Ligand SMILES: Cc1cc2nc3c(=O)[nH]c(=O)nc-3n(C[C@H](O)[C@H](O)[C@H](O)COP(=O)(O)OP(=O)(O)OC[C@H]3O[C@@H](n4cnc5c(N)ncnc54)[C@H](O)[C@@H]3O)c2cc1C
């Protein structure tokens, strides 16, 4: 890891957007007696911060490559992992490798652009692509516009400065053939990896996730948090809501750590309009409130009294501080509103509903916020 001097640090503390960059290194530097995190990317940085939240999902995606020696050397010389512009392939001899939807879609999609026949090479006789696409390709084969080569694999690439031909072996017969080719389009799917992040000294959960403390979302590296699919603990469910909750927990804890304060989640009602403010403070017990920072859902009963529940990333109900609530299920509380945590106003409204009086049942009239 290259060391960053302050002079090199172009990134200043503060908000800054750096899109289309892949993180590479993380180091700690000292500035005015303060320890800061310095993140560098493939295109820039170092970006300085007092805290870092890693939300890299399943990591960086890369196309799967052909198992041919020196294949990378042909990038930009006729080897393609995507079809971005059809015009690039105008009147070119094309070999497409793959057996999935992308391979079949582009075999059909380049019919009006590339020179016929387009060779479609797949290592198995059966394709994973949609049957209708395969049928269309076979029909075009009958017209001499597609050449389907199975079970075959590309063994070598030839050319002088750019691709001119590929050697294709039939793995059943062992016979090889040199096929003219100006554009070799390999559509073999993608694989993801944590990349450079895996080298930062983070404890991992399995091979692809960063282990963190679900209570704070902090990793084993102080000041470095994780949230979303990249963050792991036993039983983690990778869903958008979970990731959103974790991101809020991470941000909340990071801010508290930076300011040297106790973690104090704010409620959405603290930010609400003055209209809402009249409802605030009515019959709510702090321990019964769940903040949005803990993945919670706030609901308001017909009586206007907020009554809430939420859950930890593992799905367990929590209190405002993120601690696991004694209530095993929000539904239990719906069934038994006398339990602790219900505001008196809410209890009244619920009881009225259950007794069929003028009051409205909480269950039937709660509105999501
Ligand atoms: C097919 C499919 C369907 C789904 N359907 C649902 C659904 O219906 N409901 C639901 O709740 N969830 C669904 N999910 C799960 C949901 O998509 C994820 O939980 C969510 O997107 C995770 O968000 P994230 O921000 O953690 O990661 P991502 O959304 O994966 O974002 C990660 C980002 O980090 C970037 N990145 C990675 N590595 C680096 C690096 N080294 N440097 C810089 N940037 C990097 C990536 O490019 C990407 O932009 C689905 C997932 C899949 C695959």
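Bear in mind these aren't lab numbers, they're just calculated from the coordinates by the rules spelled out. As the structure is a computational prediction, the values presented were derived from the model and not from experiment. Glycine gets a Cβ as well: all are built from the backbone with ideal geometry, and neighbour counts include every protein chain shown.
What to note about this one:
- Gyration tensor (alpha-carbon) shape descriptor, the range 203-248, a/c threshold 1.5: oblate
- Ranked 193, 122, criterion: other C-beta atoms within 10 Å, fewest first: 193, 122
- Sites residue 84 and residue 264, calculated FRET efficiency, Cβ-Cβ separation with R0 51 Å, nearest 0.05: 0.55
- Residues 208, 259, arranged from fewest to most other Cβ atoms within 10 angstrom of their Cβ, appear as 259, 208.
- Over all orientations, the range 148-191 has a Cα convex hull whose mean projected area works out to 3.9 square nanometres.
- Between residue 190 and residue 27, the simple spin-label model (points 7 angstrom out along Cα→Cβ) gives 3.1 nm.
- Cα gyration tensor shape for the range 71-188, rounded if a/c is under 1.5, else prolate or oblate: oblate
- Convex hull of alpha carbon positions in the range 33-79: directionally averaged projected area 5.7 nm².
- Distance from the range 19-93 to the range 128-171 (C-alpha centre basis), Å: 30 Å
- Extension gain for the segment residue 172 to residue 18, taken as residue separation times 0.36 nm less the Cα-Cα distance, is 50.4 nm to one decimal.
- Normalised by 2.2 N^0.38 Å, where N counts its residues, the alpha-carbon radius of gyration of the range 56-131 equals 1.19.
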